[in-house]
Structure formats: structure tokens, C-alpha cells
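The values are calculated or read from the model by the stated rules, or taken from the named source; none is laboratory data. Remember, predicted model here, so these are calculated numbers, not experimental data. Glycine also receives a Cβ, built like all others from the backbone with ideal geometry; neighbour counts cover every protein chain displayed. In case anyone asks, the SASA skips ligands and DNA or RNA and just uses the protein heavy atoms, side chains included. Shrake-Rupley method; radii C 1.70, N 1.55, O 1.52, S 1.80 Å.
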Amino acid sequence: MSAKSVLALIPGQPTQDGNRVPLTRLVPGQGQGGAEAFRAMDPFLLMDHFGPMVLPPGTDAGFPPHPHRGFQTLTYLIQGAFRHRDSTGGSGLLRPGGAQLMNAGAGIVHAEMPVPEHLETGGAIEGVQLWINLPRAQKGSAPGYTDLQPETMPWQPVGGGRIRVLAGTWAGLTGPAQTPARIAYAHLELAAGARFAADVPAGWTTAVVPLHGSVRVGDRLVPADTVALLGEGESLALTAETPVSLMLLAGEPLREPIAHYGPFVMNTREEIEQAIQDYQEGRMGFLD
Ligand code: MN
């Protein structure tokens, strides 16, 4: 078995999205890291680390209604609470340690906003939203969403720390999120000096993304809010340089053409134009 080494370190870009939500954009987009880095993350399209931040009382910070088509979002909450609503009638409360898998498929309009308790008192919020591409054959699938409550993916002990597997398999543990793209996704926390190793299917895109603290992969130090894209090999091995909280990301590339415009990710420009028109004419539904 050969261990993967670091192919590229891609620093996250601090930015804002929605209504004044500060976040770090991790999976490189067309601007940051360039088109080549974006393609190297296939089947992942975007990863945002939002917060940690303290929402002031009465805030309207959040993500008001907006559309998506052609991919899935997997939103994982570390601190705070968020209320999701969508145009299929879906609604749910995100709690720390829980997640929500939304299939935008043929089109959806959704909103993610603080809960009333946050609006009254303010409070801390932190989480990670991952965009996972859909294979061409699934881009027209029925939209909808699945609540993944914390109880369905509890922390499990690993040497020197703990792991929560959201999707696929890491270190023999399997998570509840089911996606057409084959992925493995987990949150790992380690004490300083702890080592973690796991097998990864050959040929899968693999990345280590520290949210807090730093890790060493081979001879490279990976700081917080940085994507360490790993190269070929069948296993991953890392050592916590400090106490660390990180996301483990692996997926089988789809190797299909990507046309990306804002909230829509399709295969061709014509399909993007159709998506814009369908949204403007109300064919992705409404949210009041
Ligand atoms: Mn959204």
C-alpha cells in the first residue's frame, strides 16, 4: 500500500455569501486555484466553512430564498442552529452534529436562516456546506432533502481522537448520507501528536481540510482553512501538529463536462441558459 502525498495546498478564500454570512471558500472555484484545481476536485464543486461567528441579536444574516439545479448540497452544522425550508415543502432544523442533504436535481428554491432563539439572543454558529455534483443522468432528478440527525452519525473513537462519518466509509465506519456520486466524507478531531490512517479507493479525489489547527501529511504542513489535495495512492496518513478539527473528503470523479453559473451546475451552456429561464419563469417553485 502506498500512502498519498500532497499534490497541492490551496488556501481558502475569505468571502461573504447570502445575507452577510462570513465564510471561507475552500474547494477552489474558477478564480481561486484556477480551472485546473477546480477540475481536480471532481466530483466536489464547492466547500464553504461558515463561521465560527457570533450572530448578533435580531440579525437577518443567513441565506434567504435562492435556487439551485444540477447538484446536491450537504450542510453540516458544528455550532448553533439553522432552519431549512424549500419549495418542495421540505423543512427541518439543523442542530450541532447534524446535517442536511439536499438534492437540487431538476430545480429547487431553498432558504437557510437562523432560528428565532438566535434572533432574540444572538449566538455562535459554525458549519460546512459541501456541493457534490450529480452525474448527467441525475441532473433532472426529483428535488428534495433528507435530514441527517446527529443520532444517525454519532462520534466514534479513533486513536487520539474521534470521527463522525457523514457519507461513505472512513476507517471501517459508514455514514448515512446517500449520494449518486460515490463519496466518503467525515469530520475528524485529533489531539496534538495523534496519528490517523485510512484506506481510500484508488483513483478517488482525496483531500484533507483542517478547519482549526494543522496537520502534517508526509513532509507537508497543512494549516487551517486550506485544502490539501492528495495524489495517487491507496491510503491516507496524517499526524496532528496541534489539536485539530478537520474534514476528510474523498470521491470518485464523474469526468463529465461542467458548465457552472452561480447556483446552477450543468453539463452545457445551453442547459445553464435553460436553468436561468426556468427559474425566472417559476418552474423551480416558490418559497414565501
Ligand atoms: Mn443554497
Completion exercise
So, first residue closer than 25 Å to residue 165 by Cβ in region 58-76, second residue in a strand (DSSP E or B) and open to solvent by 20 Å² or more (accessible area, probe 1.4 Å), Cβ within less than 7 Å, six or more apart or across chains; the pairs are 71/131; 72/103; 73/129; 73/131; 75/129
Practice task
Specify the residue that is farthest from residue 124 (Cα to Cα); the eligible residues are those in region 54-65 that are over 18 Å from the mean Cα position of the chain (by Cα) and not small (Gly, Ala, Ser).
Solution key: 65
Completion exercise
Turns out the strands (runs of 3 or more DSSP E) fully within region 52-160 with at least 2 residues that are within 29 Å of residue 224 (Cα to Cα), open to solvent by less than 30 Å² (accessible area, probe 1.4 Å) and more than 16 Å from the ligand (Cβ to nearest atom) are 123-133
Practice task
Kindly indicate whether any position in region 40-50 is over 15 Å from the mean Cα position of the chain (by Cα) and either at pLDDT 85 or above or over 26 Å from residue 203 (Cβ atoms) (or both).
Solution key: yes
Problem - Tabulated pairs, region 252-267, first under 13 Å from residue 132 (Cβ atoms), second among the basic types (Lys, Arg) and within 16 Å of the ligand (Cβ to nearest atom), C-beta under 9 angstrom, 6+ apart or interchain - result: 265/69
Problem - Qualifying residue in region 227-237 (condition: under 29 Å from residue 106 (Cβ atoms) and among the β-branched types (Val, Ile, Thr)) - result: no
Handout entry: Scan of region 218-234 for residues that are open to solvent by less than 20 Å² (accessible area, probe 1.4 Å) and assigned to a strand (DSSP E or B), ordered by number
Key = 222, 226, 227, 228, 229, 230
Exercise for the section: Scan region 250-263 for residues that are within 16 Å of the ligand (Cβ to nearest atom) and either farther than 24 Å from residue 206 by Cα or assigned to a loop (DSSP other than H, G, I, E, B) (or both) and jot them down. Expected result: 261, 262, 263
Problem - Residue tally, condition surrounded by 17 or more Cβ atoms within 10 Å (Cβ to Cβ) and over 21 Å from the mean Cα position of the chain (by Cα), over region 239-252 - result: 3
Practice task
Go through region 164-177 residue by residue and tally those that are touching a residue at least 60 places away in the same chain (Cβ under 8 Å) and either open to solvent by 40 Å² or more (accessible area, probe 1.4 Å) or at negative phi (or both).
Solution key: 5
Problem - Residue that is farthest from residue 163 (Cα to Cα) [pool: residues in region 208-217 that are in a strand (DSSP E or B) and open to solvent by 20 Å² or more (accessible area, probe 1.4 Å)] - result: 216
Practice task
Return yes or no: is residue 198 farther than 20 Å from residue 82 by Cα, surrounded by fewer than 19 Cβ atoms within 10 Å (Cβ to Cβ) and not polar (S, T, N, Q)?
Solution key: no
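Here is a yes/no grid of residues against (1) farther than 17 Å from residue 26 by Cα; (2) outside any strand (DSSP E or B):
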{"position": "186", "(1), (2)": "no, no"}
{"position": "197", "(1), (2)": "yes, no"}
{"position": "206", "(1), (2)": "no, no"}
{"position": "242", "(1), (2)": "yes, yes"}
